[in-house]
1. Compute the label zone of Leu67 within the stretch 1-23: residues whose backbone N is under 14 Å from the point 7 Å along Cα-to-Cβ.
2. For the chain, what is the accessible area per residue in Å² when the probe is 1.4 Å?
3. Given R₀ = 25 Å, what would the calculated FRET efficiency be for Val33 paired with Leu11, taking r from the Cβ atoms and rounding to 0.05?
4. For the chain, what is the calculated [θ] at 222 nm in deg cm²/dmol (nearest 500), taking -39500 (n - 2.57) for each run of four or more DSSP H residues and dividing by its residue count?
5. If you stretched the chain out fully between Asn19 and Ser51, how much longer would it get, using 0.36 nm times the residue separation minus the C-alpha to C-alpha distance?
6. What are the ³J(HN,Hα) couplings of the stretch 32-42, residue after residue, when phi is run through the Karplus curve with 6.51, -1.76, 1.60 and θ = phi - 60°? Round to Hz, x for glycine and proline.
7. Tell me, what HN-Hα J-couplings in whole Hz come from the Karplus equation 6.51 cos²θ - 1.76 cosθ + 1.60 at θ = phi - 60° for each residue of the stretch 14-20, using x for Gly and Pro?
8. Return the sequence-ordered ³J(HN,Hα) values of the stretch 89-97 in whole Hz as given by the Karplus equation 6.51 cos²θ - 1.76 cosθ + 1.60 applied to θ = phi - 60°, using x for Gly and Pro.
Amino acid sequence: MKTELQIPSDLKFLSIVENWFLGILQVELGNRVDWPSLSNRLRLVLVEAYSNVVRHAHRDQPNLPVLICLELKERDIALEIWDYGQGFDPSSYAAPNPGDLQENGYGWLIIHRLMDRVEYRLQVNGRNCLELQVSLAK
(Lines give C-alpha, C1' and ligand atoms only; values in the text may rest on other atoms or scores of the structure.)
Protein backbone atom coordinates (compact mmCIF):
# COMPACT_ATOMS: atom_id res chain seq x y z
CA MET A 1 0.00 0.00 0.00
CA LYS A 2 1.35 3.40 -0.99
CA THR A 3 -0.27 6.82 -0.63
CA GLU A 4 0.69 10.47 -0.34
CA LEU A 5 -0.57 13.79 0.97
CA GLN A 6 0.41 17.24 -0.24
CA ILE A 7 -0.38 19.90 2.35
CA PRO A 8 0.52 23.55 3.04
CA SER A 9 3.39 24.47 5.35
CA ASP A 10 1.29 25.65 8.26
CA LEU A 11 0.98 24.13 11.72
CA LYS A 12 -2.79 24.66 11.61
CA PHE A 13 -2.84 21.61 9.30
CA LEU A 14 -0.97 19.40 11.78
CA SER A 15 -4.08 17.57 12.99
CA ILE A 16 -5.04 16.81 9.37
CA VAL A 17 -1.57 15.36 8.76
CA GLU A 18 -1.78 13.25 11.93
CA ASN A 19 -5.31 11.98 11.21
CA TRP A 20 -4.42 11.08 7.62
CA PHE A 21 -1.24 9.24 8.60
CA LEU A 22 -2.51 7.40 11.67
CA GLY A 23 -5.92 6.68 10.16
CA ILE A 24 -4.43 4.93 7.15
CA LEU A 25 -2.06 2.87 9.27
CA GLN A 26 -4.78 1.83 11.70
CA VAL A 27 -7.01 0.65 8.85
CA GLU A 28 -4.15 -1.21 7.14
CA LEU A 29 -2.57 -2.76 10.23
CA GLY A 30 -5.74 -3.53 12.17
CA ASN A 31 -5.07 -5.72 15.18
CA ARG A 32 -1.73 -7.05 13.91
CA VAL A 33 0.27 -4.65 16.11
CA ASP A 34 0.17 -3.01 19.52
CA TRP A 35 -1.64 0.00 18.06
CA PRO A 36 -1.61 2.33 21.11
CA SER A 37 2.16 2.01 21.48
CA LEU A 38 2.93 2.19 17.76
CA SER A 39 0.60 5.12 17.11
CA ASN A 40 2.12 7.18 19.94
CA ARG A 41 5.62 6.51 18.64
CA LEU A 42 4.77 7.33 15.03
CA ARG A 43 2.69 10.41 15.96
CA LEU A 44 5.70 11.91 17.77
CA VAL A 45 7.99 11.25 14.80
CA LEU A 46 5.52 12.72 12.32
CA VAL A 47 4.85 15.81 14.43
CA GLU A 48 8.59 16.46 14.82
CA ALA A 49 9.30 15.99 11.11
CA TYR A 50 6.36 18.05 9.80
CA SER A 51 6.84 20.87 12.33
CA ASN A 52 10.56 21.05 11.47
CA VAL A 53 9.66 21.61 7.83
CA VAL A 54 7.13 24.30 8.74
CA ARG A 55 9.32 26.08 11.32
CA HIS A 56 12.71 25.74 9.63
CA ALA A 57 12.72 24.65 5.98
CA HIS A 58 9.65 26.66 4.95
CA ARG A 59 9.87 29.35 7.64
CA ASP A 60 7.20 31.98 7.01
CA GLN A 61 6.33 30.47 3.62
CA PRO A 62 3.00 28.65 4.14
CA ASN A 63 2.41 28.69 0.38
CA LEU A 64 5.15 26.08 -0.09
CA PRO A 65 3.71 22.56 -0.06
CA VAL A 66 4.95 19.63 2.00
CA LEU A 67 4.65 16.24 0.36
CA ILE A 68 4.29 13.26 2.69
CA CYS A 69 4.54 9.78 1.19
CA LEU A 70 3.58 6.69 3.16
CA GLU A 71 4.30 3.13 2.13
CA LEU A 72 3.48 -0.01 4.05
CA LYS A 73 5.55 -2.96 2.86
CA GLU A 74 4.87 -6.28 4.56
CA ARG A 75 6.21 -5.47 8.05
CA ASP A 76 7.88 -2.13 7.31
CA ILE A 77 6.52 1.40 7.38
CA ALA A 78 8.35 3.85 5.11
CA LEU A 79 7.69 7.57 5.34
CA GLU A 80 9.12 10.33 3.14
CA ILE A 81 8.72 14.03 3.89
CA TRP A 82 9.65 16.36 1.03
CA ASP A 83 10.29 20.11 1.37
CA TYR A 84 11.59 23.04 -0.69
CA GLY A 85 13.82 24.61 1.97
CA GLN A 86 17.55 25.26 1.96
CA GLY A 87 18.08 22.00 3.79
CA PHE A 88 20.49 21.31 6.56
CA ASP A 89 23.69 19.35 6.93
CA PRO A 90 23.06 16.38 9.27
CA SER A 91 26.80 16.02 9.85
CA SER A 92 26.78 19.43 11.58
CA TYR A 93 24.12 18.28 14.06
CA ALA A 94 25.21 18.11 17.69
CA ALA A 95 22.86 16.27 20.03
CA PRO A 96 21.74 18.33 23.02
CA ASN A 97 23.43 17.70 26.34
CA PRO A 98 20.98 16.61 29.06
CA GLY A 99 22.40 19.21 31.46
CA ASP A 100 22.12 22.13 29.04
CA LEU A 101 19.03 24.27 28.68
CA GLN A 102 19.02 24.01 24.90
CA GLU A 103 15.76 24.92 23.13
CA ASN A 104 16.37 23.25 19.76
CA GLY A 105 17.80 20.02 18.42
CA TYR A 106 15.64 17.52 20.24
CA GLY A 107 13.45 16.65 17.25
CA TRP A 108 16.29 15.16 15.24
CA LEU A 109 17.38 13.15 18.29
CA ILE A 110 13.84 11.86 18.91
CA ILE A 111 13.39 10.86 15.27
CA HIS A 112 16.67 8.91 15.30
CA ARG A 113 15.79 7.14 18.55
CA LEU A 114 12.29 6.09 17.45
CA MET A 115 12.95 5.00 13.87
CA ASP A 116 15.06 2.13 12.56
CA ARG A 117 16.42 4.07 9.58
CA VAL A 118 16.73 7.81 9.03
CA GLU A 119 18.17 9.26 5.85
CA TYR A 120 18.19 12.88 4.71
CA ARG A 121 18.83 13.80 1.08
CA LEU A 122 19.53 17.37 0.02
CA GLN A 123 18.30 18.89 -3.22
CA VAL A 124 16.73 16.07 -5.16
CA ASN A 125 15.04 17.83 -8.11
CA GLY A 126 14.88 21.06 -6.09
CA ARG A 127 13.56 19.46 -2.91
CA ASN A 128 14.90 17.79 0.22
CA CYS A 129 13.70 14.42 1.43
CA LEU A 130 13.65 12.99 4.94
CA GLU A 131 13.25 9.22 4.65
CA LEU A 132 12.15 7.30 7.73
CA GLN A 133 11.60 3.59 8.18
CA VAL A 134 10.49 1.38 11.02
CA SER A 135 10.12 -2.37 11.06
CA LEU A 136 7.10 -3.96 12.72
CA ALA A 137 8.82 -7.35 12.84
CA LYS A 138 10.36 -6.70 16.25
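The values are calculated or read from the model by the stated rules, or taken from the named source; none is laboratory data. Please read all numbers here as calculations on a predicted model, not as lab measurements. So basically every Cβ, Gly included, is an ideal-geometry build from the backbone, and we count neighbours across all protein chains shown. Surface accessibility is based on the protein's heavy atoms, side chains included, excluding ligands, DNA and RNA. Shrake-Rupley method; radii C 1.70, N 1.55, O 1.52, S 1.80 Å.
1. Zone members listed by number: 3-8.
2. 57 Å²
3. It comes to 0.30.
4. My calculation for the chain gives -10000 deg cm²/dmol from helical runs alone.
5. Extra length from Asn19 to Ser51 when fully extended: 10.0 nm.
6. After applying 6.51 cos²θ - 1.76 cosθ + 1.60, I find 6, 9, 7, 4, x, 5, 5, 5, 5, 4, 6 Hz.
7. Using θ = phi - 60°, the values come out as 4, 5, 5, 4, 4, 5, 4 Hz.
8. With coefficients 6.51, -1.76 and 1.60, one gets 8, x, 6, 8, 6, 10, 4, x, 7 Hz.
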